[in-house]
1. According to the Cα gyration tensor, what semi-axes, each the square root of 5 times an eigenvalue, does the equivalent ellipsoid of segment 146-235 have, listed from largest to smallest in whole Å?
2. Return the sequence-ordered ³J(HN,Hα) values of segment 266-281 in whole Hz as given by the Karplus equation 6.51 cos²θ - 1.76 cosθ + 1.60 applied to θ = phi - 60°, using x for Gly and Pro.
3. In sequence order, what are the phi-derived ³J(HN,Hα) couplings for segment 233-240 according to the Karplus relation 6.51 cos²θ - 1.76 cosθ + 1.60 with θ = phi - 60°, rounded to whole Hz, with x for glycine and proline?
4. Could you check the simple spin-label distance between Ser145 and Thr203, using points 7 Å along Cα→Cβ, in nm with one decimal?
5. Arg239 accessible area, nearest 10 Å², 1.4 Å probe?
6. Excluding ligands, DNA and RNA, what is the solvent-accessible area per residue of segment 38-185 at a probe of 1.4 Å, expressed in Å²?
7. So for Phe369, Phe280, Phe164, Phe419, what's the accessible-area order with a 1.4 Å probe, most first?
8. To the nearest Å, what is the center-to-center distance of segment 135-168 and segment 46-70, using C-alpha atoms only?
Amino acid sequence: MPLNADAHPLVNLAPAEQALLRRVQQLVAEQIGPDAERVAREDVFAWDTFRLLAREGVIATAFPRAWGGSDFSMLARVRIIEELASVCSTAASIVTGTDLSSRPIMAGGSAALKDALLPDLASGARQAAFALTEPGAGSDVARLSCHYRDAPDGGVLVSGRKKFITRASTADVFVAVARREGGPVGAKGLTAFVVPRHAPGVTVSAHIPKLGWNGVPISMVDFDSVAVPADHRLGDEGRGMALAQDTLLRARIGHAAIALGRMRGALQIATQYAQQRQAFGQAVGAHQGIQWMVGSMAATLEANRCLVYATALRFDAAMADPAGPPSGAALASLSSHASIAKMHATDAGMAMVVDCLQLLGGNGYLKAFAMERFLRDAKMNQIGEGTSEIHKSLIGRHVLQQAAALPQHPCLDMNPDLFCSDEAEV
Ligand SMILES: Cc1cc2nc3c(=O)[nH]c(=O)nc-3n(C[C@H](O)[C@H](O)[C@H](O)COP(=O)(O)OP(=O)(O)OC[C@H]3O[C@@H](n4cnc5c(N)ncnc54)[C@H](O)[C@@H]3O)c2cc1C
């Protein structure tokens with residue numbers, strides 16, 4: 001049934017994953033859902049939600065066991081994120097945002113750096129923020145201008161400005177991507193570092209007011225010749241873009257899961273409202289025009305659910321490959337599938353929230369009903385971690401490359417013999 005994701009044929013979770021999912025469903029019903037309006041209205045970092053998710057082990061699901069995590073499958077995490085997002089984007093984005101900022105440390109940090117940071121990030125004792133975007137470089141991130149130069153002690157000095165940095169005000173460390181001063185321009189010149197929040201030269205701005213996505217504030221971050229120790233570099237010099245892409249691959253599946261959960265929540269609210277609200281002597285939902293809207297939205301929801309779950313399954317299968325994590329064409333294909341899920345679910349989610357709000361009539365426009373919050377939050381999913389336009393380009397390029405590598409379609413003749421029969425009438 002589209003409104004219930006349980007017992008979906010694509011989902012087969014391990015017992016520990018299933019148990020945490022059940023616990024999350026309980027928290028959603030009893031605490032996170034009832035609290036969502038307050039979290040959005042206060043619009044300060046949602047410490048209560050963060051601490052709850054940390055205490056319950058939800059934050060730890062993305063971390064390896066060696067550093068205090070539970071190392072859940074992507075599919076289990078998608079299900080958990082979906083449940084949270086069905087009531088509260090803030091709660092869901094606390095989970096996806098933690099992955100976004102911690103993953104580069106897992107993937108590129110030295111053993112000592114991982115030992116020093118990951119257990120605290122997994123338990124919620126500390127937080128990280130991912131600082132990639134700049135005022136002059138968002139989609140075109142290879143043009144970023146934040147830079148570093150060698151310091152006498154063997155480390156580097158980082159300078160530059162980062163924009164839109166989620167949870168910068170509560171972060172203990174930043175994962176910042178920069179280029180060597182005077183070094184090569186473009187993606188190959190980027191390197192990632194862990195920058196301690198309280199190092200001299202780091203300034204975090206006040207929260208930047210925004211449309212929605214409340215409870216997870218964003219700030220500007222300035223680095224002014226910040227001394228970063230040599231062992232805080234993530235991976236080799238020049239690996240910054242590869243690390244960012246590895247991180248964004250996961251984050252994009254997370255965004256798709258948030259959109260999926262919100263779609264379900266919105267449709268449940270709209271359909272329950274339509275059954276109770278009376279118009280022209282019957283429930284709004286008894287009118288055929290509304291039933292067609294609902295039928296169409298339910299089909300969209302289920303199609304996106306299959307897409308997002310299948311993408312998570314592809315991810316899990318690729319990561320479990322005994323030959324090692326995917327690279328080359330296999331990685332490009334996985335990334336393209338993550339782009340498809342992210343673009344399709346977030347675009348469909350935006351459209352569905354608009355229609356669900358319409359179903360509530362004037363009440364949909366009121367702050368007292370959750371749909372206006374869902375509407376404001378939905379927009380962010382089409383922008384963060386690559387806009388829909390960028391994903392469309394990435395997918396299009398990938399498919400064109402694939403087509404060039406395939407044998408020509410048996411019905412395609414590029415030089416057809418175009419003859420007109422003499423008998424044909426013109
Ligand atoms: C609430 C919020 C939280 C965020 N959190 C973080 C964070 O924690 N860390 C971080 O690093 N960043 C973060 N971001 C930044 C986010 O990832 C960027 O905003 C996003 O990647 C888009 O970049 P931009 O805003 O510079 O848009 P631009 O790149 O300036 O794009 C403007 C418009 O042009 C379109 N466009 C650009 N290039 C093309 C093209 N080639 N073809 C077609 N259309 C194109 C875009 O789709 C968009 O519609 C956050 C943003 C928001 C709003």
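The values are calculated or read from the model by the stated rules, or taken from the named source; none is laboratory data. Remember, predicted model here, so these are calculated numbers, not experimental data. When we count neighbours, we look across all protein chains shown, and the Cβ atoms used for this are built from the backbone with ideal geometry, even at glycine. In case anyone asks, the SASA skips ligands and DNA or RNA and just uses the protein heavy atoms, side chains included. Shrake-Rupley method; radii C 1.70, N 1.55, O 1.52, S 1.80 Å.
1. 25, 14, 11
2. 5, 5, 5, 4, 5, 6, 5, 5, 5, 7, 9, 6, 9, 8, 6, x
3. Each residue's phi maps through the Karplus curve to give 7, 9, x, 6, 4, x, 9, x Hz.
4. Inter-label distance under the simple model: 1.6 nm.
5. 120
6. Values: 5280 Å² over 148 residues.
On a per-residue basis, segment 38-185 sits at 36 Å².
7. Details: Phe369 65, Phe280 190, Phe164 110, Phe419 155 Å².
In descending accessible area the options line up as Phe280, Phe419, Phe164, Phe369.
8. Cα centroid of segment 135-168 versus Cα centroid of segment 46-70: 28 Å apart.
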